[in-house]
Structure formats: C-alpha cells, structure tokens
Amino acid sequence: MVGDIDLGVSALVRWVRKRVHNVVSDFNKVDQPAPHCECTLDCLANGTKGEVCSVTGPNRCRLAELGFSRGCEVEVARKSAFGGPIEVRLRSYRVSLRVEEASGITVRAVED
C-alpha cells in the first residue's frame with residue numbers, strides 16, 4: 001500500500017514538472033511573425049526588423065514626411081509597457097510612435 005502511494009506521488013510530481021516546463025517554455029517564446037509575413041508595426045517584438053509595405057490612417061502624410069515609405073527598413077527598438085509609445089529605428093534616427101499610429105503601418109518581417 002505504501003509503495004503504491006509513493007509510486008502515485010512520484011508520477012504526479014513528474015506530471016506536474018512536465019506541465020510547468022511546458023508553460024515556462026511557452027511563456028519564453030516570443031510571438032514573432034514568420035519572415036515575409038505582413039503585419040502591423042505594433043505587432044513586432046523588440047529588436048525585430050521589418051520592411052514598410054504601406055502606410056494608412058489619418059497621419060499617413062506626417063509619417064511619410066518622417067521617412068516611413070515603402071521599402072524602408074525599420075526596427076522596433078523599445079515598446080513601452082501597458083500600450084505606451086513604441087520607439088522605432090528608422091534610417092539614421094529614432095522615432096516614438098503611438099500604438100494607433102504604429103497600427104497604421106504595415107510591415108513585412110525580415111531576418112537579420
């Protein structure tokens with residue numbers, strides 16, 4: 001009887017360890033789009049580079065003046081917590097954008 005309980009407890013411990021490992025490994029994976037997949041600029045993770053495909057929205061003229069044009073390479077330098085601004089490396093400078101502005105910029109993820 002005692003041996004059966006030990007066997008059950010050790011099996012339970014192995015099962016819990018496996019589940020915890022799966023959760024931790026899933027948490028550590030960064031949701032990055034596949035290469036050549038189009039998404040908006042705000043969906044890219046920190047350090048991810050992309051190529052601008054299109055710019056839409058009410059601020060598209062201002063964004064074009066800042067240098068967001070088709071084919072331009074951009075990189076997400078930093079993203080603020082809780083939906084704050086996104087810092088983007090563009091050409092030879094950095095620009096901070098609101099999430100609403102970044103969601104109007106369609107990019108294609110590129111590999112380094």
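The values are calculated or read from the model by the stated rules, or taken from the named source; none is laboratory data. Please read all numbers here as calculations on a predicted model, not as lab measurements. Cβ sites come from the backbone with ideal geometry, for glycine too, and all protein chains shown count toward neighbours.
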Filter pass, Glu65 being in contact with a strand residue (DSSP E or B) (Cβ under 6 Å, 6 or more places away or on another chain) and surrounded by fewer than 17 Cβ atoms within 10 Å (Cβ to Cβ): no
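Results for (1) touching a residue at least 40 places away in the same chain (Cβ under 8 Å); (2) not charged (D, E, K, R), shown as yes or no for each residue.
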{"position": "Cys61", "(1), (2)": "no, yes"}
{"position": "Cys72", "(1), (2)": "no, yes"}
{"position": "Val88", "(1), (2)": "yes, yes"}
{"position": "Arg91", "(1), (2)": "no, no"}
Exactly one of Val30, Val88, Val110 is at pLDDT 90 or above and not hydroxyl-bearing (Ser, Thr, Tyr), and that residue is Val88
